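To start, the structure itself, in structure tokens.
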Amino acid sequence: MDPELMEKFEEMIKNETIKMGEIQGVPLPANTCHVWDLIKNFQAREDDILIATFPKAGTTWMQEIVDLIMLNGDVERSMRAPCFIKVPFIDVNAKPLMSGVEAANTMESPRLIKTHLPIQLVPPSFWEKNVKVIYLARNAKDCMVSYYHFQRMNKGLPDPGTWDEYFSSFLAGNIAWGSWFDHVIGWWKAKDERQILYVFYEDMIEDPEREIRKVSNFLGKDLTENVLDTICQHTSFNTMKKNPMANFTALPSFIFDQSISPFMRKGEVGDWKNNFLVAQNIIFDVEYKKKMEGSGLHFRTEL
Ligand code: A3P
């Protein structure tokens with residue numbers, strides 16, 4: 001990255017409070033809202049693959065897996081660049097440093113693209129071009145805990161406040177990319193009408209090989225046992241935690257301050273139990289039942 005632009009960005013991030021905006025009632029970083037027309041009019045290509053998630057559902061994990069599937073398990077080539085360069089994040093506008101849309105526009109096909117947008121905000125050209133989408137969902141309790149720690153260290157998002165404050169904000173959908181409930185339900189409802197593979201983080205933890213095979217079948221790639229094994233090993237939590245191309249240590253600490261909380265934090269199902277107070281769990285379960293009733297969508301919060 002251009003050192004001069006980096007310096008400008010550092011100044012900006014240190015001196016400005018991160019503001020939020022809103023698109024069609026969905027809270028998004030103000031910088032994203034400023035370039036909304038550019039995002040909305042993004043031109044997808046037929047051979048793009050879109051990875052869509054609510055933040056902290058395991059996006060980076062899925063990116064590494066899909067990249068390796070496309071490379072038929074070539075680990076060396078998968079290490080060609082940090083994950084945030086290999087896979088443009090079209091919602092992000094970290095000007096003057098980078099805009100996800102501009103990064104994607106200059107990329108050769110086939111492209112892997114990342115979004116956290118709820119389904120109703122996805123640029124229409126993805127549907128016009130019938131692009132394959134992998135939606136990865138993670139249970140709300142673990143997502144909330146992961147997002148809280150992420151907002152503590154990510155200087156590009158607002159400070160999360162106390163855990164208690166964050167708990168209320170998350171339940172109310174008053175955080176960047178909005179309501180976890182609307183997000184997972186919206187994508188779930190659309191999955192049979194479009195080319196969407198809906199995957200659960202908990203299933204991936206339970207049996208990564210089975211889920212990686214599912215993803216590769218969806219992408220029409222036939223992997224040998226050897227390749228599948230290589231992909232499993234290279235995308236395990238412990239390997240990714242050590243991989244500078246996957247663990248975000250390539251981003252400077254004024255953006256991700258990993259001394260506060262590492263990006264590759266725990267990678268578990270059920271860490272919420274170490275964070276939720278008994279009373280919070282009761283409030284959460286009541287609210288969850290109301291919001292998820294009739295959705296037909298079931299998450300596991302422990303294995
Ligand atoms: P935790 O904070 O619970 O550890 P995203 O990429 O969407 O931001 O998600 C980040 C979360 O996915 C973090 O969760 C991170 O540890 C977890 N994660 C990343 N790679 C993983 C892997 N290989 N296996 C399991 N979890 C992983």
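The values are calculated or read from the model by the stated rules, or taken from the named source; none is laboratory data. Worth saying up front: this structure is predicted, and the values here are computed from it rather than measured. Glycine gets a Cβ as well: all are built from the backbone with ideal geometry, and neighbour counts include every protein chain shown. Note: areas computed on protein heavy atoms with side chains; ligands, DNA, RNA excluded. Shrake-Rupley method; radii C 1.70, N 1.55, O 1.52, S 1.80 Å.
What the table shows:
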quantity	calculated
Pick from region 222-238, criterion within 11 Å of the ligand (Cβ to nearest atom) and open to solvent by 50 Å² or more (accessible area, probe 1.4 Å), ranking: farthest from the chain's Cα centre (by Cα)	233
Residue count, region 171-189 (criterion: open to solvent by less than 10 Å² (accessible area, probe 1.4 Å) and not in a loop (DSSP other than H, G, I, E, B))	5
Matching residues, region 251-289, being at pLDDT below 95 and either among the hydroxyl-bearing types (Ser, Thr, Tyr) or open to solvent by 50 Å² or more (accessible area, probe 1.4 Å) (or both)	253
Close pairs from region 205-227: first without any contact (Cβ under 8 Å) to a residue 60 or more places away in the chain, partner open to solvent by less than 70 Å² (accessible area, probe 1.4 Å) and part of a helix (DSSP H, G or I), Cβ under 7 Å, at least 6 apart	208/232; 209/228; 209/232; 211/203; 211/204; 213/228
Looking only at region 19-46, and only at residues there that are aliphatic (A, V, I, L, M), in contact (Cβ under 8 Å) with a residue 40 or more places away in the chain and more than 20 Å from residue 180 (Cβ to Cβ), the one that is surrounded by the most Cβ atoms within 10 Å (Cβ to Cβ)	39
Failed item in (1) open to solvent by less than 40 Å² (accessible area, probe 1.4 Å); (2) in a helix (DSSP H, G or I); (3) within 16 Å of the ligand (Cβ to nearest atom), with residue 246 passing the rest	(2)
Count - residues of region 4-18 that are open to solvent by 90 Å² or more (accessible area, probe 1.4 Å) and in contact (Cβ under 8 Å) with a residue 24 or more places away in the chain	3
